[in-house]
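Each remark here refers to the structure printed beneath this line.
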Amino acid sequence: MTTVQRGRSLHPWVICGFGLLFLTPLAGALEPMEDDSLASVHGSDGLTLTLSHSTIPLSASRWTVDRGVSAVGGVTINPEAWAQVENVSLKPIALNGGTTAGNFTYSATVDAGGDGTVPGMAVTLQGSRTRLLVDKVVHQVDASRSLGSFALDSAVAFSLSNSKGLLNSADAAAAFSLDLGDAKLFYRQGAAGQPEALFDALRLKLDFTGGKVGVATDKGLFMEAATANLDAGFSLRYEGAPAAADAFTYKAGDLPVLQWNWLGKLTNLQVAVRGGGVWYGTDGGGVENIANRSEGINMSLRWDFDPGFAWVTQEPGANARLVFSNWQKLAGAPYALNFPNITLDVVKAGQEPGGLCWRGASNGPGCPNGGQYLNVAAEDGFALLVRDGNLHAYSTNVKIQDDINKDGDYLDTSALGTPEDQTFSWALIYTLGDVDANVFIYPGTGVANTVGMKLDGLVKIASNSSAWNSGSHFMIADTAAAKGAGTTTLGIGFLRSNILFAFNDLFLALKPEGINLKSGQVRVGFNGRLGGGEIKSGDLAAADEVKLLDVDANLEFDNFEVTLSPSPSGSSYMGFGARLRFTDLNVSNFSSPDADGSYISIAEPGRSDVNIRLAQITGDLALQNGRVDVLSEAETTPRTAQLMIGSDIVLGSTVSGGAPFLANAVKLGADSLASVVVPSGQWYSSFSLMKQR
């Protein structure tokens, strides 16, 4: 068993990280090895360590935090928590996840040199295709409960070179490269033969030259680059009833769900990793004191998008895909994406940083800058915390690539005269003003089911000011709308929005029909202005804004179930379904304090007192046969390729075992006018985005 303890100091992580770089392949020394499996050492040009082995088992590896720590900045905590991975192994693996003969090989090289004036140093690591298998992930308090089993198949390649030492950050002379290869990540809850999720074609390739890699007091271990190349993505597939003999293998019958890729150049890149986990207490103004951290890990990410950077979405194996590119930052935004505080920690019950202030500008128990205080108490598990994250950029054109004649390219024209590669001046705007989140993850999904995931959490996406350039906006826009002799950008949607997702005892389970999320206590909040206007260089000035309606909604559920499912064999789309029961939860530090419980309100802009409100909503609603589908022209003729989202909407007693759908009060301002009852009902709704012929 290997035990690792770490605290807020960065230096052990630097030593550990570079130690792992060279010594992880040598872990085989912990097991008996034959002579022909021993590592070879070469020194003719630098130092090369090579390890070749058939299998390296490890019984367990433990991560311990807060050993001997009973208080953090005067705040008492429950000392020492640990998490452990069990029955870990490394072995060679075939491309499809099947067994393969022979050994896996890792080679690590250290070399020193220079240009005759300035010395330099380089390290590389190259591995053959290897499976890292983790059978159990457990928490200290109950080691019989596990998050599940994981398998990562990859062929890692890493290199770092720098002048004057590997961690010299005084000069922008570092060259960095990391490539997972064509990786696959499998996940299963339970024994072989249980449903499996597969992240196929898993890509993470990042490289740059002329950058910095180093250690700094304020940044931790960090890297920076003016320009970096990113190739990342995955294809999500699902197998609801695999044969036990086919566990953790890719099969032609694995059903597609969705595929996302992010490709291109990032600019002004900075990635940093530091010591420090959950924080406790408040500052003098009553705001949460993030500087008062326990032991743990936190990191930060920030960058801008090069205009040619692309987000690609499609269905695995489908002929059509959507490419979003030509990125525009909100006017005055310092970075396109900036997440300065992503924290991971192991916690015991009651060890959380405090809650969030919904519709408040900061967080703290008394919400000193306004808002409603919300909190979910941590249990024994893992904490994932986010503060002050944002996405302040959006794509300004959409490319539809449709391999109509199925010849593997996008160079032809269909019989209807449609080019296979079309670019449209459409903007999909989904900026995130300020993202805060407390998410706690626990092993097991119930008393009897000890394998799986249970989650508690709060996620808040806020617009903390009336300023356009720091808000959360969800819009579509025409970026080539006619204006006089030229063009401009005209958009419509929700401006300066706030979104809340609060959940308690949310179980994530892999079921034969798909990935299932279910809880008996969920709250969803939204408010924003439906409007639009002319967006100039990423800015929507007050004088150019068209104000339509203010929308405010609070929806609470005592039954919340959502399923994401693969398409049937021979099809390619993402299926979805939901069953929701509306109520007034009436839970302290969780529910809305509004006496109307679940409600939807529509008001005149800036006049919350002049509104129509559906209040005290109760009853059942279900979404059935839902699908998100990127359709090629061959599937939609005589129309063009399109994005289609649709489902059956079922209400009241039409939902199996459901109660009538009620808006117990329909209000105009403060006056209650009537009630609305939908005993039962069903209709179909769909939305399609396409080019007009």
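The values are calculated or read from the model by the stated rules, or taken from the named source; none is laboratory data. Since we're looking at a predicted model, the values are computed, not measured. Positions of Cβ are generated from backbone atoms using ideal geometry, with glycine treated the same way; all protein chains shown enter the neighbour counts. SASA here: full protein model, heavy atoms, side chains in, ligands and nucleic acids out. Shrake-Rupley method; radii C 1.70, N 1.55, O 1.52, S 1.80 Å.
Measuring from the lowest to the highest alpha carbon on each principal axis, how far does the chain reach, largest first, in angstroms?
Result, largest extent first: 85, 68, 56 Å.
Using square roots of five times the C-alpha gyration tensor eigenvalues, list the equivalent-ellipsoid semi-axes of the range 502-571 in whole Å, biggest first.
Details: eigenvalues 281, 81, 18 Å².
Each semi-axis is √(5λ); the values are 37, 20, 10 Å.
Just round it to a whole percent: the fraction of Cα-Cα distances in the range 82-221 exceeding 22 Å. Walk me through the numbers before you get to the answer.
Details: 5376 of 9730 pairs.
Result for the distance tail: 55 percent.
Working from the alpha-carbon coordinates of the range 580-686, get Rg over Rh, Rh being the Kirkwood radius. The partial results should precede the final answer.
On the way: Rg = 18.3 Å, Rh = 16.3 Å.
Rg/Rh for the range 580-686 comes to 1.12.
Please calculate the 1.4 Å probe accessible area of Y442, with all protein chains present, and give it to the nearest 10 Å².
10
Once you have the Cα-Cα distance between V666 and W262, take 0.36 nm times their residue separation minus that, and quote the gain in nm to one decimal.
Working: separation 404, 0.36 × 404 = 145.44 nm, distance 4.57 nm.
Difference between extended and current length: 140.9 nm.
Quick one: net charge of T583's neighbours, Cβ under 9 Å, K/R +1, D/E -1? Write out the running numbers ahead of the final one.
Details: positive: R581; negative: E556, D558, D584.
Around T583, the surrounding residues sum to -2.
Provide, for q = 0.12 Å⁻¹, the log10 of I(q)/I(0) from a solvent-free Debye sum over equal Cα point scatterers in the range 110-166.
Computed log10 I(q)/I(0) values: -0.56.
Under a point-charge model restricted to the Cβ atoms of Lys and Arg (+1) and Asp and Glu (-1), what is the dipole moment magnitude of the chain relative to its Cα centre, in debye to the nearest 20? Present the calculation step by step, with values, prior to reporting the outcome.
Details: 48 positive and 69 negative charges, 121 e Å.
Result for the chain is approximately 580 debye, rounded to the nearest 20.
Quick check of the Kirkwood formula: for the range 635-693, what is the inverse mean of 1/r over all pairs of different Cα atoms, in Å? Mind showing how you got there, number by number?
Numbers: mean 1/r = 0.0683 Å⁻¹.
Kirkwood radius, the range 635-693: 14.6 Å.
Regarding the range 207-326, what whole-number volume in Å³ per residue does the convex hull of its Cα atoms give? Kindly include the intermediate steps, with their values, before the conclusion.
Details: hull volume 26.4 nm³, N = 120.
Spelled out: Cα convex hull of the range 207-326, divided by residues, is 220 Å³.
Pop a pseudo-label 7 angstrom from the Cα along the beta-carbon direction at both Q624 and A122 and give the gap in nm to one decimal.
Label-label distance for Q624 and A122, simple model: 6.3 nm.
With all protein chains present and a 1.4 Å probe, how do K348, K164, K518 order by accessible area, largest first? All intermediate terms of the calculation are to be shown ahead of the outcome.
Numbers: K348 30, K164 120, K518 85 Å².
In descending accessible area the options line up as K164, K518, K348.
To the nearest µm²/s, what D does Stokes-Einstein give for the range 71-159 at 10 °C and 1.306 mPa s, using the Kirkwood radius over alpha carbon pairs as Rh?
Numbers: Rh = 17.0 Å.
Answer from the Stokes-Einstein relation: 93 µm²/s.
What does the charge count around S163 come to, taking other residues whose C-beta lies under 9 Å from its C-beta (Lys +1, Arg +1, Asp -1, Glu -1)? Working shown, then result.
Values: positive: K164; negative: D115, D171.
So the environment of S163 carries a net charge of -1.
With a 1.4 Å probe and every protein chain left in place, tell me how much accessible area I492 has, in Å² to the nearest 10.
Roll a 1.4 Å probe over it and I492 shows about 90 Å².
Just to be sure I understand the curve: with the Debye formula and one point per C-alpha of the range 320-405, what is log10 I(q)/I(0) at q = 0.14 Å⁻¹?
For the requested q values the scattering log ratios are -0.74.
Can you compute the helix-only [θ] at 222 nm over the chain? Use -39500 (n - 2.57) per DSSP H run of at least 4 residues, normalise by all residues, nearest 500 deg cm²/dmol. Numbers along the way, then the final one.
Working: 2 runs with 17 residues, N = 693.
Helices in the chain give a 222 nm mean residue ellipticity of -500 deg cm²/dmol.
Tell me the net charge near G364. Cut-off is 9 Å between Cβ atoms, G364 excluded, with +1 for each Lys or Arg and -1 for each Asp or Glu. Provide the component values of the computation, followed by the final result.
Details: positive: none; negative: D283, E288.
Charge balance near G364 sits at -2.
Just going by the charge dipole of the range 508-628, with Lys and Arg at +1 and Asp and Glu at -1 on Cβ, which of S567, S592, T618 is farthest out on the positive end?
Farthest towards the positive pole: S567.
What percentage of all Cα-Cα pairs in the range 410-532 are separated by more than 26 Å? Let's see the in-between values first.
Numbers: 3868 of 7503 pairs.
Value for the range 410-532: 52 percent of Cα pairs lie more than 26 Å apart.
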